[in-house]
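Enquirer: Below are the structure tokens for one structure; questions will follow.
Quick note: the coordinates plus some simple rules give every number you see, no bench work behind them. Nothing here was measured: the structure is a model prediction, and the numbers come from that model. Cβ atoms come from the backbone with ideal geometry, glycine included; neighbour counts cover every protein chain shown.
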Amino acid sequence: MPSHRTAYVSDTAPGRGALRAARSWLHSDAPSLSLNGSWRFRLSPTAPVTEDFAAEGFDDSGWNGMPVPAHWVLQGDGAYGRPIYTNVQYPFPIDPPYVPDDNPTGDYRRHFDVPADWSDAERVVLRFDGVESLFKVWVNGDEIGSASGSRLAHEFDVTSSVRPGDNVVAVRVHQWSAASYLEDQDQWWLPGIFRDVTLIARPAGGIEDLWLRTGFDDGFGRIDTEITAGPDAFPVTLRIPELGVEQVWATAADVAPLEVGGVEPWSAEQPRLYDVTVSTAAESIALRAGFRTVKIRGDRFLVNGRRVVFHGMNRHETHPERGRVFDEEHAREDLARMKRFNVNAIRTSHYPPHPRLLDLADELGFWVILECDLETHGFGDLDWAGNPSDDPAWREAYLDRVQRTVERDKNHPSIVIWSLGNEAGTGANLAAMSAWVHARDTGRPVHYEGDYAGEYTDVYSRMYASVLETEQIGTDGSRAPLMGCTPAQGARQRTKPFLLCEYVHAMGNGPGAIDQYEALVHEHPRLHGGFVWEWRDHGILATTPDGTPYYAYGGDFGEVVHDGNFVMDGMVLSDDVPTPSLHEFKAVVQPVRFAFDGDEVAITNLRHSADTSDLRFRWRVEHDGTLVDSGELEVPVVAAGESARVPLPRIPVARDSETWLTVDAVLAAGTAWAGEGHVIATAQLDRSARRPVPAVRRETDWRPNDGTLTLGIAEFAGGSLVRLAGRDVAGPRLELFRAPTDNDEGATDEVKESDASVPGVSNAELWRRLGLDRLTTRLLSVERAAAALRTISKVSAANSALSVIVESVWSLVGDELELRVEIEPSRGWLTVWPRIGIRFDLPDGAAPVDGAEWFGLGPLESYPDSLRAARTGRFSATIRDLSVDYARPQETGHRSQVRELTLTSTGAEVLRITALPDTHGRRPGFTLSRHTPQQIARAGHPFELPDSAASHLIVDAAQHGLGSRACGPDVWPEFALRPEARTIRLRIAAG
Ligand code: GAL
């Protein structure tokens with residue numbers, strides 16, 4: 001039985017005691033004292049029945065130190081429990097509002113000195129910027145109050161309990177509470193005091209709260225000021241030195257809106273901020289104001305009268321060592337990285353971030369959807385029975401959450417939409433939140449994806465809608481029903497601006513099809529873009545028993561229930577490395593579009609409002625990837641939404657090599673987030689002269705043979721290649737398998753557009769059932785001609801009647817060795833295939849292959865539905881760098897459309913391979929890896945891959961697309977690889 005002392009743990013009320021009303025997080029010159037630092041700490045496995053630890057004289061000398069801010073599960077190397085990762089599941093019984101008795105509870109204590117001159121303060125306030133999940137506070141033994149709402153700020157009035165000199169604060173934090181039911185976001189559960197704790201002296205005659213509601217219209221800025229202060233605070237002076245504004249209001253009744261001329265507007269592209277101070281005799285508040293007006297007109301979402309397209313990221317607060325503890329330098333670098341990758345918007349999934357993040361967003365320039373700390377997704381599995389969102393018992397908690405959200409951050413120009421939360425079903429409490437926001441802030445619309453019928457929100461939002469559905473949403477008069485809507489509701493939704501609050505799920509290798517979504521945005525103005533799920537992987541830095549560091553995901557901490565690596569779905573890896581998908585995103589959403597037309601190029605500025613005066617346009621011409629000429633285009637300044645046509649430079653066209661023109665739009669000067677010359681947009685033009693492909697030489701004098709012979713640099717035994725250029729080689733063998741990506745393992749029903757996938761069954765599962773990972777070969781024939789060898793094999797898997805016939809012809813063409821492989825599937829293959837490739841295994845010899853140079857698409861990996869970041873050029877990489885370290889090893893490293901490939905060993909050329917196009921002009925891709933697809937597929941983490949100095953070269957006639965079926969649609973049919981006959985033709989020479 002819980003004691004009366006712990007009954008509050010299952011209280012649905014958001015707080016008790018001397019909790020104060022929510023207000024802005026302001027930069028004030030009133031005195032304050034950070035209580036961050038080392039606190040005394042004790043962890044109990046259940047909520048202790050006594051509260052004696054809160055007494056002033058309690059002896060905590062036996063306790064350990066615990067940093068604040070921190071999550072206790074990330075401290076002490078497991079001494080204080082472990083993180084738990086779940087997506088939808090609650091890690092405790094669904095028995096609202098109760099939580100189990102096993103409820104890790106942290107008791108914190110520390111001393112602090114209140115300066116003597118604080119005795120002038122009218123009030124002393126103790127602020128917590130984030131505590132997960134429920135906490136209770138005592139000062140000098142007095143019980144002050146309790147609060148929940150982990151990612152929200154709470155302030156307590158401690159005036160009557162503090163005294164000058166030494167004081168003791170005690171805080172009890174429960175990992176689980178009624179509030180945990182409202183905090184079921186897809187992330188780690190990380191208890192503790194994880195944001196700042198501050199003691200604040202509130203001066204008499206100070207400003208309790210302040211709201212500068214700014215607007216911008218026709219060159220005029222508008223400020224509508226709301227001052228929350230007592231009559232003794234007046235006169236109040238508002239100053240904007242840069243604009244020459246100095247406004248004094250003698251009384252509260254005088255406070256009136258201001259119009260200011262000569263103002264530059266704020267936008268995500270040009271985040272113009274003005275320093276503002278608002279002062280009384282006792283206190284001065286400093287803000288940075290940006291002038292912008294947010295409006296919905298019909299189905300358009302406008303800022304300063306212009307339509308906004310969100311190229312956004314869902315941003316969680318996550319760090320491999322700190323968890324959700326904020327680090328400003330790291331956050332700034334992360335936001336600068338977003339800017340460098342053409343990201344212009346952030347949804348703060350799924351809670352308010354540390355308040356400083358919004359200062360950074362104002363300053364660097366992002367459109368922000370600020371989301372409340374709310375999710376009850378676990379009730380979805382119960383068909384939403386008992387969902388707090390529709391239960392009056394939780395109404396106060398819902399309202400409290402959204403009030404704390406809006407009040408804290410209301411001054412930020414970057415915030416253009418409020419979001420009620422995520423995946424909390426629907427119900428009266430959400431509608432009440434929305435009503436409160438509408439009443440409080442008429443200057444920003446309300447978003448909540450779960451309001452499918454559009455009953456209480458202003459924008460229409462969906463997550464993971466397929467390309468076709470998205471197109472239907474953008475199209476007027478479409479009869480296609482919208483998800484979760486009656487026809488009438490669907491019609492209403494089509495009158496609103498639409499955004500994808502989550503799309504292109506970036507788990508592991510993928511997503512594909514980013515460009516298809518982007519194309520729709522330019523065709524249907526109702527579609528306002530979206531927010532990638534998500535920015536970063538949430539890996540937690542851990543070490544194996546032998547000391548190897550790795551990024552842990554669900555299940556790595558022995559959790560009872562967990563959701564595995566579903567928490568590793570970012571475009572940036574846990575260690576800050578951008579994945580190829582982020583490069584793809586950057587290329588797809590680039591704000592400048594180039595269209596080549598004869599001897600001209602049309603340059604279109606796709607930005608919201610900024611012109612191109614910050615850009616320069618560089619060009620270069622390459623012959624087979626080697627630079628032959630370069631310069632700069634003369635481009636007039638192009639206004640947002642406009643185009644200019646400019647002549648191309650003279651392009652010297654080569655006869656024996658490919659001729660490519662590349663144009664880059666680069667920053668003309670450094671910015672806060674990138675240096676001068678940083679590339680923001682690129683395009684290429686193929687000006688190659690046509691060159692004939694050497695015809696296949698058909699031998700006629702084939703005779704059966706034992707297949708033991710030498711052809712130039714190739715040595716064969718029994719029909720099999722055994723040595724190439726003096727090196728041991730095995731293969732080539734047919735390889736149809738790739739280590740399944742997270743998308744290949746996805747089993748969503750979203751396969752409507754693909755008739756080769758099965759709803760509810762992953763493609764990876766189908767491939768395993770077919771035995772694509774365990775193919776066997778039967779040699780049917782070996783023949784030779786004067787300077788050629790031909791083998792025919794039948795490749796199939798145990799217990800399968802399906803097969804593939806592989807004909808390999810090795811021949812000497814002059815002194816060059818040619819390999820032509822014809823691959824032909826039997827009838828009856830019904831699924832897609834991961835790849836159609838041939839694999840060469842190069843064992844680790846004296847000088848193992850450790851790198852590649854190639855002319856083809858690069859520099860990063862690319863797949864049929866993710867090719868936009870790839871350009872044609874000459875590249876090189878070490879074998880290590882050819883693969884991406886996805887948190888769960890999977891297919892990686894494919895370089896498309898290769899023309900020439902050289903394998904190297906410590907810089908020396910080992911083998912030179914030329915890939916000839918097939919009769920359709922298609923060229924193969926390659927991967928070079930230390931591991932086979934089968935080895936990669938067996939590893940759950942990078943450290944599980946065996947040590948290897950061998951190398952495996954796979955030349956792929958084709959690869960299957962990526963799609964985003966880990967959480968979303970399958971590969972689009974055009975990019976799905978169906979079993980089909982393919983030819984691979986290579987010329988191979990010694991290095
Ligand atoms: C969404 C959810 C996100 C995340 C994502 C999948 O449904 O809002 O929090 O779980 O799916 O990674």
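Enquirer: Neighbour counts of other C-beta atoms within 10 Å: give me Thr277, Thr906 arranged from fewest to most.
Expert: Numbers: Thr277 16, Thr906 10.
Going from least to most buried by this count: Thr906, Thr277.
Enquirer: What is the fewest-to-most order of His111, His311 by other Cβ atoms lying within 10 Å of their Cβ? Please list the in-between numbers first.
Expert: On the way: His111 13, His311 26.
Fewest to most other Cβ atoms nearby, the residues stand as His111, His311.
Enquirer: Give me the aspartates and glutamates in straight-line cross-link reach of Lys586: C-alpha distance below 12 Å, same-chain residues under 8 apart excluded.
Expert: Cα-Cα hits under 12 Å: Asp515, Glu518.
Enquirer: Could you rank the peptides 264-272, 642-650 by their average count of other C-beta atoms within 10 Å per residue, with the highest value first?
Expert: Numbers: 264-272: 21.0, 642-650: 13.9.
Ranking the peptides 264-272, 642-650 by packing returns 264-272, 642-650.
Enquirer: Between Glu321 and Ala21, what FRET efficiency follows from the Cβ-Cβ distance if R0 is 51 Å, with the result rounded to 0.05?
Expert: 0.90
Enquirer: Listed highest first by mean packing, meaning other Cβ atoms within 10 Å per residue, what order do 114-120, 291-297, 576-582, 860-866 come in?
Expert: Details: 114-120: 13.1, 291-297: 17.1, 576-582: 20.4, 860-866: 24.7.
Per-residue mean Cβ counts within 10 Å order the peptides as 860-866, 576-582, 291-297, 114-120.
Enquirer: Let me ask another. For the ranges 816-825, 250-259, 46-55, what's the packing order if you count other beta-carbon atoms within 10 Å of each residue, average per peptide, and put the highest first?
Expert: Working: 816-825: 19.3, 250-259: 12.3, 46-55: 16.1.
The most tightly packed comes first, giving 816-825, 46-55, 250-259.
Enquirer: Pull up the cross-link candidates among the lysines for Lys410, meaning alpha carbon to alpha carbon under 28 Å and not fewer than 8 places away within one chain.
Expert: Reachable lysines: Lys136, Lys295, Lys339, Lys496.
Enquirer: Right, another one. How many angstrom separate the Cα center of segment 713-778 from the Cα center of segment 561-600?
Expert: Comparing the Cα centres of segment 713-778 and segment 561-600, I get a distance of 26 Å.
Enquirer: Want the number for Ala519 to Asp686: 0.36 nm per residue separation, take away the alpha-carbon distance, what's left? Don't skip to the end; give the middle numbers.
Expert: Working: separation 167, 0.36 × 167 = 60.12 nm, distance 2.23 nm.
Working it through step by step, the gained length comes to 57.9 nm.
Enquirer: Hey, can you grab everything whose amide H is under 5 Å from the amide H of Val729? Only 5+ residues off in sequence or another chain; H modelled, so Pro and N-termini drop out.
Expert: Arg723, Leu724
Enquirer: Still on this structure: Please figure out what share of the DSSP beta bridges in segment 304-585 is antiparallel and state it in percent, rounded to the nearest 5. Numbers along the way, then the final one.
Expert: Numbers: 5 of 29 bridges.
Roughly 15 percent of the DSSP beta bridges within segment 304-585 come out antiparallel.
Enquirer: Per-residue ellipticity at 222 nm for the chain, helices alone: DSSP H runs ≥ 4 residues times -39500 (n - 2.57), over residue total, nearest 500 deg cm²/dmol?
Expert: Details: 10 runs with 99 residues, N = 991.
Computed ellipticity for the chain at 222 nm equals -3000 deg cm²/dmol.
Enquirer: Can I ask one more? Want the number for Glu264 to Ala488: 0.36 nm per residue separation, take away the alpha-carbon distance, what's left?
Expert: Answer, rounded to one decimal: 76.4 nm.
Enquirer: What nm distance separates the two modelled labels at Asn64 and Asp546, each placed 7 Å from Cα along Cα→Cβ?
Expert: With each label point 7 Å from Cα toward Cβ, the separation is 2.8 nm.
Enquirer: Residue separation times 0.36 nm, minus the C-alpha to C-alpha distance between Val679 and Arg978: what's the value? Let's see the in-between values first.
Expert: On the way: separation 299, 0.36 × 299 = 107.64 nm, distance 3.69 nm.
Full-extension gain reported as 104.0 nm.
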